[in-house]
Amino acid sequence: MDSSKSYVACYRNEMIVSELLKKSLRAFVLLYHVATRAWRGPGISPRGLSVGQAYIGDYYNMGMTHSEYRTAKKCLVRCGYIAIKATNKGTIATLINTDIFDPNL
């Protein structure tokens with residue numbers, strides 16, 4: 001599948017979205033980036049990622065400072081949306097909850 005034609009479903013669950021937005025707008029933005037970047041398969045990821053995983057860490061591309069990015073990451077982990085793993089190639093986020101964004105894994 002051509003990555004330029006892939007999609008991410010955004011569920012219209014106003015209560016869940018509002019809850020996350022109240023906690024952190026930046027966490028919502030980071031979750032969006034994880035969902036849009038997540039490897040969907042099939043086959044072998046060119047970056048060595050598993051299905052549902054994405055490299056993150058370029059917080060400046062998301063309009064955040066390093067501190068805002070760290071806080072957003074912590075919020076998403078605490079809320080159960082992502083799991084984080086630091087590697088020598090970068091930070092890998094694994095999407096573990098698709099209540100808001102479903103990248104068609």
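The values are calculated or read from the model by the stated rules, or taken from the named source; none is laboratory data. These numbers were taken from a predicted model, which means no experiment stands behind them. FYI the Cβ positions are ideal-geometry reconstructions off the backbone, even for glycines, and counts take in every protein chain you see. Quick note on the areas: whole protein, heavy atoms, side chains included, nothing else; ligands and nucleic acids left out. Shrake-Rupley method; radii C 1.70, N 1.55, O 1.52, S 1.80 Å.
Would you confirm whether any residue within the stretch 66-84 is touching a His at 6+ places or on another chain (Cβ under 9 Å) and either in contact (Cβ under 8 Å) with a residue 40 or more places away in the chain or in a loop (DSSP other than H, G, I, E, B) (or both)? Checked the stretch 66-84: no residue is touching a His at 6+ places or on another chain (Cβ under 9 Å) and either in contact (Cβ under 8 Å) with a residue 40 or more places away in the chain or in a loop (DSSP other than H, G, I, E, B) (or both).
Of all residues in the stretch 47-105, those satisfying the criterion of being of a type in the set (D, E, K, R) and surrounded by fewer than 19 Cβ atoms within 10 Å (Cβ to Cβ) are ARG47, ASP58, GLU68, ARG70, LYS74, ARG78, LYS85, LYS89, ASP99, ASP102. The residues listed here are LEU49, LEU31; of these, the one that is modelled with pLDDT of 80 or more, among the aliphatic types (A, V, I, L, M) and part of a loop (DSSP other than H, G, I, E, B) is LEU49.
Here TRP39 fulfils each of the conditions (1) open to solvent by less than 40 Å² (accessible area, probe 1.4 Å); (2) of a type outside the set (Asp, Glu); (3) in contact with a strand residue (DSSP E or B) (Cβ under 8 Å, 6 or more places away or on another chain) apart from (1).
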